[in-house]
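Asker: Right, I'll just put the structure down here and ask away after.
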Amino acid sequence: MNPEVDSSHAPSHPRRRAVLYASVGGAAALAGAGAAWWNLKPRESEREVTADFWPMTFDTPAGTPLAMQTLRGKPLLLNFWATWCPPCVEELPLLDAFFKQNAAKSWQVLGLAIDQPSAVRAFLQRTPVTFPIGMAGLGGTELAKVFGNSSGGLPFSVVIRASGEILQRRIGRITASDLARWAGAA
């Protein structure tokens, strides 16, 4: 007994299959390269981003206003964080040590908490830091996106030179070597 052969499922010619796979792979590689270029290219609006940032004011956990204008003209490490984010909490002592070591060199560190004020206050009572903290709330997520954090991941840090130019963006936990490199470049 001979089973019927369905020619629509017959194996295609190996050369055609290789050309098809190469074409699909090439298209995917081009799309990936294009997306990477788009995300990493210098943006003309970087100065506009920082220019829009300086007039902002955030409340501190104590409820006093913190004007970003007071931080302008000096190198700034801007860190978006939350109390519920383990890598954020883990890097805060490192950021605080950096601030203490480099404040005399005009370096500033600002933590913008994307969190509930009560959670931030309780956290800072247990784990105090010497650098200023601003309460960005959920609007901090949108501000982080303006600074280039399209994924919304935390922690997210931005290094701004004294000139207002963005030197570095980093999603994820910062290391001591990152801080040393940025301090030397700003």
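Asker: Determine the distance separating the Cα centre of the stretch 55-99 from the Cα centre of the stretch 121-147; give it in Å without decimals.
Answerer: 6
Asker: Just for the stretch 46-185, what percent of DSSP beta bridges are antiparallel, to the closest 5? Numbers along the way, then the final one.
Answerer: Working: 14 of 23 bridges.
Beta bridges within the stretch 46-185, antiparallel portion: roughly 60 percent.
Asker: Can you compute log10 of I(q)/I(0) for the stretch 46-185 with the Debye formula, treating each Cα as one identical point scatterer, at q = 0.12, 0.15, 0.19 Å⁻¹?
Answerer: -0.41, -0.67, -1.16
Asker: Each residue of the stretch 126-136 in order: what ³J(HN,Hα) in whole Hz does its phi give by Karplus 6.51 cos²θ - 1.76 cosθ + 1.60, θ = phi - 60°, with x for Gly and Pro?
Answerer: 7, 10, x, 10, 9, 7, x, 10, x, 8, 8
Read-outs: derived from the displayed coordinates by stated rules, not from any lab. Since we're looking at a predicted model, the values are computed, not measured.
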